[in-house]
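Engineer: Structure below; questions to follow.
What follows draws every value from the coordinates through simple rules; no lab data is involved. Here the structure is a predicted model, which is why all the values come from computation and not from measurement. Heads up, the Cβs are rebuilt from the backbone with ideal geometry, glycines too, and the neighbour counts pull from every protein chain shown.
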Amino acid sequence: MKLAALTATIVCLAAAACSDRHGIVLWHSYQGDERIALESAAQVWNKAHPDQPLDLVMVPYDAFGDKLSSAIPRGNGPDLFIYPQDRIGDWADSNVIEPIEFWVDDARAERFTPDSFSAMAYRGSLWGLPMAVKSLALYYRSDLMPVAPKTTDEMVAIVPAMKAKHGYALAYANVDLYGHAAWLHGFGGRVMDDAGNLTIATPAAAKAMTFAAQLVQTGAAPNDAQAPLVTSLFNEGRAAMVMSGPWFRADIRAGVPWHVAELPIISATGMPAAPFRTAEALLMSARAKDKDEAFAVMDFMSGDESAAIRAKRAHQVVPNPAAYDDPEVAKDEALATFRNQLAHTVPLPTSPTMRVVWTPYRTALGEVLAGRAEPGERLLAVEREVKDYIKR
């Protein structure tokens, strides 16, 4: 009996869903300063609501989505969770998340920027409240490149100097669609149109992939540069520039001289490089134990007070304009740059189809950048693969 009782207790704690538990459980994958800032905001809530405490549970990001999809339909998992917008459509169709328009009046909606708020919509309902808005921008070392490039031609002009240092002009996650999207959109391509139709295999997309391959072939950028390599190249002075998001600043070594600029104009098209714009959403489980109380927590944690805490302590680009009235937030130059970059971004689709695109697109990018395939043919193959998957 003792072993059985202990086992039941462990299962209960792991699921965070025992029937006699009080308060609201929120899952997140934040680490470092983002986690500290989230915990600080939660402490404010808990001090004011000791009878309905907020319990934060950190879940590693790699396992996060699958854990939610498995746990919630079984009545387990959290009441609330923080996750990027790209799975809203999938989870809404699968009855994993709860629509929240019932609780959201005009005053609450107007706390957020229109783009971040509209990213929470799917099939005529509202499914979350935005916590942070993220995109890529251009980090540059001022000791290697005193002035940020305005065009891609200016960006690659430093290649000879960086080759002499056994380095690169630019490092970024170039085999990932998320990293590549800035070039894709800057050349006029898209993954899907506004109606959700696939537009993967287009001449514009082929030109963008050719451009990315040329960066590798000319030595302007390393091939398949994932996050650890990108960070080490920048910190060691072997990459003059890095294309990354607000989270990258936490990885920059003390003493490295750096600034952030908006991404350059694509010299071949005259259009700005435009990365994906994603909104991290605070979402409610369809199985939340007390949905009124869960929304009250959502309301507070996405509110202006909480947003100012996260902007100051974690340098998050929060979607609450009022948070930038705080003097400490207002003087953060990097935050201001990322806010300006949002004008040249493309919203990440919330369609469930988007989940099917990432892996085949990554495979195609890897083959083209390595010189093993031609862009047009591989993009046609990606589009056929995605369409076949949808049919099945």
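Engineer: If you look at just the Cα atoms of the stretch 205-263, how large are its Rg and its Dmax in Å?
Structural biologist: So, for the stretch 205-263, Rg and Dmax equal 12.7, 40 Å respectively.
Engineer: So, one more: For the pair Ala63/Ala336, report the inter-label distance in nm, with labels modelled 7 Å from Cα in the Cβ direction.
Structural biologist: With each label placed 7 Å out from Cα toward Cβ, I get 4.3 nm.
Engineer: Quick check: from the Cα gyration tensor, does the stretch 335-392 come out rounded (a/c under 1.5), prolate or oblate?
Structural biologist: Since a/c reaches 1.5 but b/c is at least a/b, the shape of the stretch 335-392 is classed as oblate.
Engineer: Under 5 Å between amide hydrogens, which residues at least 5 positions from Val57 or on another chain qualify, with H placed 1.01 Å from N in the peptide plane?
Structural biologist: Under 5 Å from the amide H of Val57 lie the amide H atoms of Leu26, Trp27, His28, each far enough along the sequence or on another chain.
Engineer: While we're looking at this one, here's another question. With θ set to phi - 60° and the Karplus curve 6.51 cos²θ - 1.76 cosθ + 1.60, what are the ³J(HN,Hα) couplings of the stretch 48-61 in order, to the nearest whole Hz, using x for Gly and Pro?
Structural biologist: Coupling constants for the stretch 48-61: 7, 9, x, 7, 9, x, 9, 10, 8, 10, 8, 10, x, 4 Hz.
Engineer: Of Ala336, Ala132, Ala182, which has the largest mean-square fluctuation in a 10 Å C-alpha GNM of the chain?
Structural biologist: Top of the fluctuation ranking is Ala336.
Engineer: Sticking with this one: Ala286's amide H: which non-local residues (gap 5+, or another chain) put their own amide H closer than 5 Å, with H modeled 1.01 Å from N in plane and none for Pro or chain starts?
Structural biologist: Ile97, Glu98
Engineer: Karplus couplings for the stretch 91-103 from phi (6.51 cos²θ - 1.76 cosθ + 1.60, θ = phi - 60°), rounded to Hz, Gly and Pro as x?
Structural biologist: Per residue, the Karplus-derived 3J(HN,Hα) values read 6, 5, 5, 9, 6, 8, 10, 9, x, 10, 4, 4, 8 Hz.
Engineer: Another question, then. Run the dipole for the chain about the Cα centre, Lys and Arg Cβ at +1, Asp and Glu Cβ at -1, nothing else charged, and hand back the magnitude in debye, nearest 20.
Structural biologist: Values: 37 positive and 46 negative charges, 219 e Å.
For the chain, the charge dipole is close to 1060 debye.
Engineer: Put +1 on the Cβ of each Lys and Arg and -1 on the Cβ of each Asp and Glu in the stretch 284-374; which of Val318, Val368, His344 then has its Cα farthest toward the positive end of the dipole?
Structural biologist: Val368
Engineer: Using Cα pairs closer than 8 Å and at least 6 residues apart in sequence, work out the relative contact order for the chain, in percent.
Structural biologist: Averaging sequence separation for qualifying contacts and normalising by length gives 26 percent for the chain.
Engineer: Considering the options Ser94, Tyr83, Ala107, tell which one lies farthest towards the positive end of the dipole of the stretch 40-111, charges being +1 on Lys and Arg and -1 on Asp and Glu at the Cβ, about the Cα centre.
Structural biologist: Sorting the options by dipole projection puts first Tyr83.
Engineer: Under a 10 Å cutoff between Cα atoms, tell me which one of Thr353, Thr269, Thr363 has the largest fluctuation in the Gaussian network model of the chain.
Structural biologist: Checking each option, the largest mean-square fluctuation is seen for Thr269.
Engineer: Relative to the longest principal Cα axis of the chain, at what angle does helix 304-314 sit, 0 to 90 degrees, rounded to 10?
Structural biologist: Orientation of helix 304-314: about 50 degrees from the principal axis.
Engineer: Hey, any idea what the orientation-averaged projected area of the convex hull of the chain's Cα atoms comes to, in nm²?
Structural biologist: On the way: hull surface 86.5 nm².
Result: 21.6 nm².
Engineer: Please find, in a Gaussian network model of the chain (springs between Cα atoms separated by less than 10 Å), the residue of Ala250, Ala107, Ala181 whose mean-square fluctuation is greatest.
Structural biologist: Sorting by GNM fluctuation, first place goes to Ala107.
Engineer: Another question, then. Have a look at Val297, Ser135, Val329 and report the one farthest towards the positive end of the charge dipole of the chain, computed about the Cα centre with Cβ charges (Lys/Arg +1, Asp/Glu -1).
Structural biologist: The Cα lying farthest towards the positive end belongs to Ser135.
Engineer: Only four residue types carry charge here, +1 at the Cβ of Lys and Arg and -1 at the Cβ of Asp and Glu. Report the dipole size of the stretch 202-262 about the Cα centre in Debye, rounded to the nearest 20.
Structural biologist: 40 debye
Engineer: How many nm separate the modelled label positions at Asn223 and Asp105, each set 7 Å beyond the Cα in the direction of the Cβ?
Structural biologist: Simple spin-label model gives 6.0 nm for this pair.
Engineer: Could you give me the ³J(HN,Hα) list for the stretch 78-90, computed from phi with Karplus coefficients 6.51, -1.76, 1.60 and θ = phi - 60°, whole Hz, x at Gly and Pro?
Structural biologist: After applying 6.51 cos²θ - 1.76 cosθ + 1.60, I find x, 7, 9, 7, 10, 7, x, 5, 5, 9, 4, x, 4 Hz.
Engineer: Now, a different point. Give, as a single signed number, the net charge of other residues whose beta carbon lies under 12 Å from the beta carbon of Glu280, with Lys and Arg counted +1 and Asp and Glu -1.
Structural biologist: Value of the local net charge: +2.
Engineer: Sticking with this one: Need the list of aspartates and glutamates near Lys391 for cross-linking: C-alpha distance under 15 angstrom, and skip anything on the same chain fewer than eight residues off.
Structural biologist: Counting by Cα, and skipping residues close in sequence, Lys391 has these aspartates and glutamates nearby: Glu383.
Engineer: I need two numbers for the stretch 38-193: Rg to one decimal and Dmax as a whole number, Cα atoms only, in Å.
Structural biologist: 21.3, 64
Engineer: What is the set of long-range amide H partners of Gly23 at a cut-off below 5 Å, with H atoms built 1.01 Å from backbone N?
Structural biologist: Those qualifying (amide H under 5 Å, at least 5 residues apart or on another chain) number zero.
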